[in-house]
Amino acid sequence: GLALGLGDDELLARALGGDGFVGWCGASRGLSARAESHVRLQGAARMVPADGDVVAVGQGPEGAVVGFVRAADVGARRVRSASGLCAAGWADLELDVEATHAGDDVLARRLAARVSVGVAATACGLARAAITRAVEYARVREQFGQAIANFQAIQWKLANSATERDAAWMLTVKAAARLDAVADDAADAAARAQLAAVRSAVAACSEALQVHGGYGYTREFPIERLLRDARACSAIDRGDDDLRAAVVPGIVARFA
């Protein structure tokens, strides 16, 4: 393993504030904690951004364990390009990191919420870009003597995409407000925002591709890149299954 623990309070502040925070290895990646003279965070972290700082979180017997890694120091071991997120460089990291914060579930939830809000905002931006491009294309592309924007099938695609995106954006704004207020339900609100936003981004990009027809698959238009970016959002953090599992306890408590 690689011993790269960083007891860096400044990095922690940046991670919590969203300032230059680019990497994340959540507990869903299967990281574990081992206690010796110091608690260490160990395991494999897949699909980690190869540049910048990474926050790694695992689950130990005494609660969440948090450590920091500078991915640029280890990314050269196995870096590969990705088809999404602007073809970012990704690394597979084998971690053996001294924990900077052990047994701090509150901190782990705050970090997870910050990541979820960032992913949700990115996904909402992708959805909006896809809808904008689809509308622009539908206005100028003609079939049977009229713009395809006049066809009901196209209109329904745009209506569904815009409605789902706007709903996701409202959840994202609410989650950001709850996070800034250090509210108890911030992590739950952020997980719901991320779940809705990523799903809306993938749906909006897929519908935009259909609006463009065969042109949507070509690099002449940006839709194929937007769709790859939307699909890659799930690689940053948790996927749909993990997000749903995180959201359910709050829903059960709310409607019990």
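The values are calculated or read from the model by the stated rules, or taken from the named source; none is laboratory data. Source: prediction; values computed, not measured. Cβ atoms come from the backbone with ideal geometry, glycine included; neighbour counts cover every protein chain shown. Heads up: the accessible areas ignore ligands, DNA and RNA and are worked out on the full protein's heavy atoms, side chains in. Shrake-Rupley method; radii C 1.70, N 1.55, O 1.52, S 1.80 Å.
For the range 169-210, the set of residues classified as open to solvent by less than 60 Å² (accessible area, probe 1.4 Å) and free of Cβ contacts under 8 Å to residues at least 12 places away in the same chain consists of ALA177, ALA183, listed by residue number. From the list ALA149, ALA193, the one residue that fits, being over 28 Å from ARG109 (Cα atoms) and of a type in the set (A, V, I, L, M), is ALA149.
Every residue, every condition in (1) assigned to a helix (DSSP H, G or I); (2) acidic (Asp, Glu); (3) open to solvent by 20 Å² or more (accessible area, probe 1.4 Å); (4) in contact with a Gly (Cβ under 9 Å, 6 or more places away or on another chain), yes or no:
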| position | (1), (2), (3), (4) |
| --- | --- |
| VAL115 | yes, no, no, yes |
| VAL119 | yes, no, no, no |
| CYS124 | yes, no, no, no |
| ALA130 | yes, no, no, no |
| ARG133 | yes, no, yes, no |
| GLU136 | yes, yes, yes, no |
| ARG139 | yes, no, yes, no |
| ALA149 | yes, no, yes, no |
| TRP156 | yes, no, yes, no |
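Cβ-Cβ distances below 8 Å connect the following pairs, each with a first residue in the range 136-153 that is free of Cβ contacts under 8 Å to residues at least 40 places away in the same chain, a second residue that is in a strand (DSSP E or B) and exposed (fewer than 14 other Cβ atoms within 10 Å of the Cβ), and a separation of six or more residues or different chains: PHE151/GLN143.
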